[in-house]
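The values are calculated or read from the model by the stated rules, or taken from the named source; none is laboratory data. In this text, all values refer to a predicted model and were calculated from it rather than measured experimentally. As a convention, Cβ positions derive from the backbone with ideal geometry for all residues, glycine included, and neighbour counts pool all protein chains shown.
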Amino acid sequence: MSFKKITIISFVILSALGFKCLNTAFSKPSVKRFHTDAEITQFKSVGTRAPIAPGEFFLPSSSCKGCHGYDSAHVSNIDESGADVNLVERWESTMMANSARDPLWRAKVSQEIITNPAHSGELQNKCTSCHAPMGRYTSLYHGNQYYGVNQIDGDSLGIDGVACGACHKIGPGTGFTFSGDIPFDTNHVEYGPFTAPSVGPMQLYEGFTPTYSAHMDNGKLCSSCHTLVTQTADLSGNLTGGHFVEQATFHEFENSNFPGNNIKCQTCHMPQIQDAITIANGFLGLTPRTPFNQHVFVGGNSFMLNILKNNRDSLGIIVPTDKFDSTIAATLTLLRTKSINLQTTVENLTSDTAFFKVRIENKAGHKFPSGYPSRRAVVQFVVLNATNDTVFQSGIYNANYRVLGETPAYEPHHNIIAQSGVSQIYEEVMGDVNGNFTSVLERGAVLLKDNRIPPAGFTTTAPMYDTTLVSNDALADDDFNKVAAVEGSGVDYVHFHVPLLGFSGILHVKTKVYYQSVPPKWVDEMFQLNSAPINRFRTMYQNADQTPILIAADSLNNINLPVVINSLTDGVVKVFPTISMDGHVFVSSEYGTLINSIEVVDARGRQVSRLINSGYQSEFRIDLPFASGIYYIRIFTLNKVFYKKVVKS
């Protein structure tokens, strides 16, 4: 071995030990050693590892873990209270770290390939550009045309997902490229947000030069993958030349007041702490850094995090379950504290209708919900009487977590809901070239619906509105992101007009907002197909807890109705029989009471028939609808409205 090589290796080892734990020839016997023998052996093995090879541009996260992972000496990568905040282990249990293993993503790629097999190469190349960026870009740097899912499992860079280099090697030119076109810097640098970085150890161990750049603490760093525009194919697989905005979270952020208020993507998704953190292990001379962005990469997809946790072995994930539990807890906290504000108020109470207003304020810096178009939020609104019997309900899930009464194609946006079973669902809905709902991304041709609540400051006149469109049904709503016709409130109001149907006494109102990242409707098309990735995810999905996530709740209790709703106890109007086998019900008036009209209302509050008395008739036969169930007869006289519940048996 040459003297030069010995000198380099020795310097590396000295660097790893922080120039403190050398040997008895260089340290006083009375000084307590900083590291154990086992740790010194590990550092030595790291020190002799060759840096990145010529023609390579990334290293896997395992190369970063020695310095930026857990410090067994409990000196580095801890906050001022002693809590571990190391970068690598916080990242390992996130969707970013597992983006290449994500079984939904793999099933979705398979669905797209089965649908348009001639596009397989292009589809996989596009999908891996964000889900396996280091592996994909390395393959392209080596001259390959495509990088597909089958290449990931045998590639330590590809399977690493969105790992350290996938972000820290993005150059300052970010913010201007989208759809997976990531401007990586190939000059063997690793960018960071701290000035005057210590360059020696990383240069020696890994062959990278740590470099300060302000863009690392800017939301533009996220732009390349969080705005995705897809090509449109018709039902025969032919490209039409059209495009569809699959997601535009970064552009939604740009079309808000968050950038102007110095609120960045990192503010919520990599929350800062002000503690001074030593960010690498074993280097005693390092200057502690502050503020420190925690690498939790928290989002809103607790459903898939649970699937990852519960299927660790089959997915090849070695991260302990407690790490996933921490990430899931942080995800739920973000959803419940930084997504929306919810408020319910009484607008008016009349003799036959209770009017309520639900205010939903978007607190996020992008649409709510945002991201992949499977996401949806459902407003659940329930009115109960004094004995907790249901008077009115909207946004109710069935046993399979589908919304009862939802229009099969898609539920339109609502400003006023006056019937039970009609629900407000905030979502993006894609349509194919024929205008029919589709979950196949490459078939996305038209925007059927996008009533996701915009962020504060969002306008339809902003330059990036072309990628952040709102559908016409929501634009026509004067309460959607507007105050006195001025855009940018980031608030939607939903008005509930509750038919009282003869109920009297007090009412209780319960309002909740639920979130689903992968609702059943989104996987229906996929689960009609068969492939290994689809079948594997189908099993995981069916075994998963699909319960929607409650993210906000409000209630109003003991609402006193202003007037007593007239029953039939005074005998001036009679309705019989109350249980009808043939669907015929008879109404009659006595004591000269004139009936002006009669309405039949179903249990959802919808009028199903109406009879107007054109003369002085006092007896009527009402024909109930064919369907069995509960109906309400509303009888209008000159001064009163009478109600009677009847049953078609």
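Structure data summary
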| item | result |
| --- | --- |
| Residue match in region 142-165 (condition: under 30 Å from ASP275 (Cβ atoms) and either in contact with a strand residue (DSSP E or B) (Cβ under 9 Å, 6 or more places away or on another chain) or at pLDDT below 95 (or both)) | yes |
| Subset of region 76-104 that is outside any strand (DSSP E or B) and in contact with a strand residue (DSSP E or B) (Cβ under 7 Å, 6 or more places away or on another chain) - its residue that is surrounded by the fewest Cβ atoms within 10 Å (Cβ to Cβ) | ASP79 |
| Members of region 345-372 that are part of a loop (DSSP other than H, G, I, E, B) and farther than 30 Å from PHE244 by Cα | THR350, SER351, ASP352 |
| Residue among THR7, THR41 that alone is more than 24 Å from ASP155 (Cβ to Cβ), modelled with pLDDT of 50 or more and either within 43 Å of the chain's Cα centre (by Cα) or among the β-branched types (Val, Ile, Thr) (or both) | THR41 |
| Residue within region 267-279 that is surrounded by fewer than 17 Cβ atoms within 10 Å (Cβ to Cβ) and in contact with a strand residue (DSSP E or B) (Cβ under 6 Å, 6 or more places away or on another chain) present | yes |
| Selected residue (criterion: farthest from VAL440 (Cα to Cα)) from residues of region 509-541 that are in a helix (DSSP H, G or I) and either among the polar types (S, T, N, Q) or free of Cβ contacts under 8 Å to residues at least 60 places away in the same chain (or both) | THR539 |
| Subset tally (residues that are crowded, with 22+ Cβ neighbours inside 10 Å and farther than 30 Å from LEU500 by Cα) for region 356-372 | 8 |
| Residue check for LEU335: crowded, with 18+ Cβ neighbours inside 10 Å and modelled with pLDDT of 95 or more | yes |
| Search result, residues across region 138-193 that are under 30 Å from SER531 (Cβ atoms), under 28 Å from the mean Cα position of the chain (by Cα) and among the hydrophobic types (A, V, I, L, M, F, W, C) | VAL149, ILE152, LEU157, ILE159, VAL162, ALA163, ALA166, PHE178, ILE182 |
| Any hit, region 581-595, residues being closer than 30 Å to SER423 by Cβ, assigned by TED's automatic domain parsing to the domain that holds PHE636, without any contact (Cβ under 8 Å) to a residue 12 or more places away in the chain and out of contact with any Gly (no Cβ under 9 Å at 6 or more places or on another chain) | no |
| Within region 389-422, considering residues that are crowded, with 16+ Cβ neighbours inside 10 Å and among the hydrophobic types (A, V, I, L, M, F, W, C), the one nearest to the chain's Cα centre (by Cα) | VAL403 |
| Search result, residues across region 638-649 that are surrounded by fewer than 17 Cβ atoms within 10 Å (Cβ to Cβ) and under 18 Å from PHE586 (Cβ atoms) | LYS645, VAL647, SER649 |
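Table: residues versus (1) modelled with pLDDT under 95; (2) assigned to a strand (DSSP E or B); (3) in contact with a strand residue (DSSP E or B) (Cβ under 6 Å, 6 or more places away or on another chain); (4) not assigned by TED's automatic domain parsing to the domain that holds GLN343.
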site: PHE381; (1), (2), (3), (4): no, yes, yes, no
site: THR387; (1), (2), (3), (4): yes, no, no, no
site: VAL391; (1), (2), (3), (4): yes, yes, yes, no
site: TYR401; (1), (2), (3), (4): no, no, no, no
site: PRO412; (1), (2), (3), (4): no, no, no, no
site: ILE425; (1), (2), (3), (4): no, yes, yes, no
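Here is a yes/no grid of residues against (1) more than 25 Å from the chain's Cα centre (by Cα); (2) assigned by TED's automatic domain parsing to the domain that holds PHE368; (3) not β-branched (Val, Ile, Thr); (4) not in a helix (DSSP H, G or I):
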| site | (1), (2), (3), (4) |
| --- | --- |
| ASN281 | yes, no, yes, yes |
| PHE303 | no, no, yes, no |
| ASN306 | no, no, yes, no |
| ASP313 | yes, no, yes, no |
